[in-house]
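Working notes for the structure below.
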Amino acid sequence: MHWADLLVLLPAAPYRLATFPFAALFHHLCASGHLSPTTRYVFLLAGGCLLAGTATGSYAVLLLIPAAGSVLVLLSISPARAHMWVFALQMSWQTICHLALSSQELDPQDDRPAIALSAIMLLTQKATSLSLDIHEGLMQLQPGQGLLQRALPLCSYLLFFPALLGGPLCSFSRFRSQVESSGSLPFPLRATGQRCLCALALQGLAMGLAMGQGCVGLGCLPHTWAQALLRRLAFYRHWVLDEALLEAAGFGPEAGQGDLSLHDLWTLETTHRLAVFTRTWNKSTSRWLRRLIFQRCPAQPLLATFAFSAWWHGLRPGQVFGFLCWAVMVEADYRIHPFLSAQATSWGVKLLYRATTWVFTQLIVAYILVAVETESFSMLCLLWASCHSILPLAYSLALLLLLAKKPKHS
């Protein structure tokens with residue numbers, strides 16, 4: 001459920017690539033036995049602070065303040081209340097940063113604010129995931145240790161450099177077990193190489209796509225779909241590189257816990273169900289949102305999850321409209337497909353049903369992406385009045401007609 005802005009992804013790419021040698025160095029020092037667990041924590045934390053300063057300049061303070069604040073809360077507040085305080089701190093600070101930076105006249109050539117906001121969003125993921133682990137009793141902070149011994153792993157986890165600017169969410173317990181492992185971290189060369197080759201293949205595919213320059217009326221639908229496919233390929237490429245960076249440092253995700261596998265890529269581009277696409281898209285963030293909001297919301301959890309996602313992304317008009325539209329489309333998907341699949345009894349009708357709904361899913365995904373990346377209310381009104389809104393309106397009408405039927409979530 002995470003449509004991060006491409007303006008956030010692209011500027012951070014050079015810093016991700018420049019981090020690979022340091023990740024490989026860290027792994028080599030661990031493998032040679034030259035680093036104790038404490039030294040590993042310090043290395044990862046120092047690397048994160050250095051990367052934050054290099055990539056964001058003076059905006060790094062916007063990242064360091066909430067990181068320090070969350071650690072202080074976790075060390076001083078009781079486990080029963082820690083999550084509430086960390087959640088409030090992170091989301092309040094992140095919202096202030098989004099609103100403050102969006103209201104200023106920033107240099108369009110300056111990428112640092114966008115990179116800083118992206119890092120703050122990822123920090124919110126890690127901090128709230130950690131506070132939930134403590135709140136639910138899945139881990140303890142070992143109160144018998146000294147303050148520095150307790151704070152160092154937390155700070156290192158929130159700011160460790162391989163996951164500072166991207167990467168799937170790694171739980172604190174897995175992070176700590178890998179850092180404190182008596183042996184070396186897993187050998188990363190093969191997995192890292194495979195992911196880098198996959199990123200190159202995705203880059204080549206994106207470069208090979210021929211894009212039209214102009215369109216009129218309904219002829220804009222294929223153009224919009226092609227533009228959305230290019231955007232998705234950019235996301236896929238960056239996710240693969242993020243996981244490759246974690247692999248290079250020895251922190252690769254567990255099987256099935258990353259953001260993108262070849263199976264996930266196939267599912268995203270071939271599914272005829274928007275709900276399946278939604279569950280598969282950016283899987284670690286989807287799992288985080290499900291745990292943080294969906295499973296804890298007593299009423300309308302689907303709508304609440306997408307509304308929170310809009311808040312987490314920054315609350316621009318396009319984000320609010322796009323994520324709420326996404327929620328309505330997913331709810332419609334839950335109701336429309338059981339109805340249609342029951343009508344498709346013959347092989348030919350089933351083929352037509354799957355092909356048609358695949359096209360509909362692709363076009364709705366493209367519409368949502370365009371909406372989320374729309375920054376002004378006037379441009380959003382133009383999108384709403386265009387032919388691109390025909391299919392979302394049709395899905396909304398179908399949802400209203402099927403509201404009397406019991407939803408079948410699958």
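The table that follows gives values for the structure above.
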| item | result |
| --- | --- |
| Only one of Leu380, Leu340, Leu369 that is in the same structural domain as Gly322 (by the TED database) and surrounded by fewer than 18 Cβ atoms within 10 Å (Cβ to Cβ) | Leu340 |
| Single residue of the stretch 291-301 satisfying the filter (more than 17 Å from the chain's Cα centre (by Cα) and either β-branched (Val, Ile, Thr) or part of a helix (DSSP H, G or I) (or both)) that is surrounded by the fewest Cβ atoms within 10 Å (Cβ to Cβ) | Gln295 |
| Pair list, Cβ < 8 Å and 6+ apart or interchain, from the stretch 167-181 residues that are within 20 Å of Gly137 (Cα to Cα) to residues that are in a loop (DSSP other than H, G, I, E, B) and of a type outside the set (S, T, N, Q) | Cys170/Phe251; Cys170/Pro253; Phe172/Met139; Ser173/Leu138; Ser173/Met139; Arg174/Glu254; Phe175/Phe160; Phe175/Phe251 |
| Condition met for Trp93 (in contact with a helix residue (DSSP H, G or I) (Cβ under 7 Å, 6 or more places away or on another chain), within 19 Å of Leu159 (Cβ to Cβ), modelled with pLDDT of 95 or more and surrounded by fewer than 21 Cβ atoms within 10 Å (Cβ to Cβ)) | yes |
| Exclusive hit being more than 30 Å from Glu375 (Cβ to Cβ) and hydrophobic (A, V, I, L, M, F, W, C), set Leu75, Leu106 | Leu75 |
| Residue list for the stretch 306-335, restricted to those being surrounded by fewer than 22 Cβ atoms within 10 Å (Cβ to Cβ) and β-branched (Val, Ile, Thr) | Val320, Val328 |
| Residue tally, condition open to solvent by 30 Å² or more (accessible area, probe 1.4 Å) and part of a helix (DSSP H, G or I), over the stretch 12-65 | 29 |
| Qualifying residue in the stretch 102-121 (condition: outside the structural domain of Phe235 (by the TED database), over 30 Å from Ser376 (Cα atoms) and assigned to a helix (DSSP H, G or I)) | no |
| Matching helices (runs of 4 or more DSSP H) fully within the stretch 326-410 where at least 3 residues are within 19 Å of Leu268 (Cβ to Cβ) and touching a residue at least 24 places away in the same chain (Cβ under 8 Å) | 347-372 |
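The values are calculated or read from the model by the stated rules, or taken from the named source; none is laboratory data. As the structure is a computational prediction, the values presented were derived from the model and not from experiment. Glycine also receives a Cβ, built like all others from the backbone with ideal geometry; neighbour counts cover every protein chain displayed. Ligands, DNA and RNA are stripped out before the accessible areas are found, and what is left, the full protein with its side chains, is counted by its heavy atoms. Shrake-Rupley method; radii C 1.70, N 1.55, O 1.52, S 1.80 Å.
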